[in-house]
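Just below is one structure, and these are the notes that go with it.
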Number of protein chains: 2
Amino acid sequence: MLRLSTKGQYGVRAMYEIARGYPATPVTIKEISERQDVSVAYLEQILNKLRKAGLIKSIRGPGGGYILNRSADKISIASILNELEGPVALTSCLEPEGGCVRIDSCVTHLLWKALGEQVEAFLKTITLKNLMAGDFYALGGTAKKEMRRPVRLKPQSQP
Amino acid sequence: MLRLSTKGQYGVRAMYEIARGYPATPVTIKEISERQDVSVAYLEQILNKLRKAGLIKSIRGPGGGYILNRSADKISIASILNELEGPVALTSCLEPEGGCVRIDSCVTHLLWKALGEQVEAFLKTITLKNLMAGDFYALGGTAKKEMRRPVRLKPQSQP
DNA sequence: TAAAACCCTACCGTTTTTGTCAAGTATTAT
DNA sequence: ATAATACTTGACAAAAACGGTAGGGTTTTA
């Protein structure tokens with residue numbers, strides 16, 4: 001469940017490559033394509049969106065390519081995915097346009113909302129810099145035990 | 001991004017209705033259908049899976065219906081969604097069968113893995129009982145501020 | 001002025017989702 | 001017994017989303 005589209009995945013990986021050239025070296029689509037094994041045409045679509053969103057800027061002509069529009073520690077994974085896949089909205093009710101007729105009677109509404117916020121908060125915390133530095137690996141290792149109870153509910157009355 | 005399928009959504013809502021009858025009153029598909037506004041035929045598919053998974057059991061014949069197989073505080077949202085949508089796997093790499101060729105070189109692999117674990121942990125914490133009791137609303141209200149930093153990364157060196 | 005490189009939009013095959021339909025089988029109240 | 005209730009199962013189909021491809025631009029610079 002909860003699959004991330006390839007667009008989002010490729011987008012983050014592309015941003016990673018672009019970040020590696022920052023601030024001096026523009027990275028071409030072709031280079032990204034080769035390093036991350038994604039077609040040029042598909043990358044064009046993805047990078048176009050990211051450029052319009054102001055996350056990267058492009059330099060045309062020979063010697064051109066893409067560079068970050070701000071430093072890597074100022075670009076969160078959330079901001080990348082938001083542009084490519086829209087905001088986290090686990091149900092159609094929670095989409096910006098809304099449109100849920102039964103919010104009041106819907107028991108699960110707040111559940112999905114809370115989960116969405118949890119995810120968004122997580123992704124906001126992590127930046128391209130984290131991804132590059134690999135201070136990320138802590139999550140898979142030492143922090144694992146901690147991660148087993150990341151939720152703050154009122155204490156449950158369970159024996 | 002990250003849409004939950006209707007099967008998962010309806011499944012949780014159906015379980016909620018069944019939980020309301022626990023332990024004395026079997027709840028019929030028709031009742032669930034009316035209360036949650038989901039077609040009987042579709043519910044049949046969903047409840048079938050949940051029954052095979054041992055979350056509920058069915059009682060046939062007149063007066064029959066579905067009842068929980070164990071108490072509501074022993075059934076997590078995660079267990080429901082897992083049966084209906086499979087485990088959280090944000091990328092195909094992370095599916096049980098695996099199949100990722102480039103794990104070593106994939107910078108984002110651990111990121112998606114960590115996020116998936118975060119989500120799963122969240123859903124495991126919340127039970128049908130929480131959903132019914134509404135001690136859930138804390139998440140939308142008071143706990144909101146807390147939820148803005150649910151991630152435990154090593155402190156980032158950001159000024 | 002030509003090559004490098006980005007820019008844009010349309011389209012299309014496949015898969016997944018979201019169900020419906022039809023024909024069962026089991027159980028029990030009467 | 002038997003009719004009514006209710007679950008069980010598998011096939012199938014419309015519609016949406018996904019995952020790209022194709023092919024034509026435009027801009028910049030060596």
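The values are calculated or read from the model by the stated rules, or taken from the named source; none is laboratory data. Because the structure is a prediction, the values reported are computed rather than measured. Note that each Cβ is placed from the backbone with ideal geometry, even for glycine, and that neighbours are counted across all protein chains shown. Calculation scope for accessible area: heavy atoms of the full protein, side chains included, ligands and nucleic acids excluded. Shrake-Rupley method; radii C 1.70, N 1.55, O 1.52, S 1.80 Å.
Quick rundown of the values:
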read-out	value
Hits in the stretch A:18-32 - residues which are more than 11 Å from A:A72 (Cα to Cα) and either of a type in the set (G, A, S) or within 11 Å of DNA strand C (Cβ to nearest atom) (or both)	A:A24, A:P26, A:V27, A:T28, A:I29, A:K30, A:E31, A:I32
One residue from A:P96, A:P87 being within 16 Å of the chain's Cα centre (by Cα), within 24 Å of A:T6 (Cβ to Cβ) and more than 9 Å from DNA strand C (Cβ to nearest atom)	A:P87
The one condition in (1) modelled with pLDDT of 95 or more; (2) in a helix (DSSP H, G or I); (3) among the aliphatic types (A, V, I, L, M) that B:L131 fails to fulfil	(1)
Pick from the stretch A:33-60, criterion touching a helix residue (DSSP H, G or I) at 6+ places or on another chain (Cβ under 6 Å) and open to solvent by 30 Å² or more (accessible area, probe 1.4 Å), ranking: nearest to DNA strand C (Cβ to nearest atom)	A:S58
Selection from the stretch A:10-25 of residues that are within 14 Å of the chain's Cα centre (by Cα) and either over 15 Å from A:N69 (Cβ atoms) or open to solvent by 10 Å² or more (accessible area, probe 1.4 Å) (or both)	A:Y10, A:V12, A:R13, A:Y16
Helices (runs of 4 or more DSSP H) contained entirely in the stretch A:1-62, each with at least 2 residues that are within 12 Å of DNA strand D (Cβ to nearest atom) and small (G, A, S)	A:6-21
Selection within the stretch A:33-53 - over 22 Å from A:A89 (Cβ atoms) and away from chain B (no Cβ under 13 Å)	A:S33, A:S39, A:V40, A:A41, A:Y42, A:L43, A:E44, A:L47, A:N48, A:R51
Complete set of residues in the stretch B:61-75 that are free of Cβ contacts under 8 Å to residues at least 24 places away in the same chain and within 16 Å of DNA strand C (Cβ to nearest atom)	B:G61, B:P62
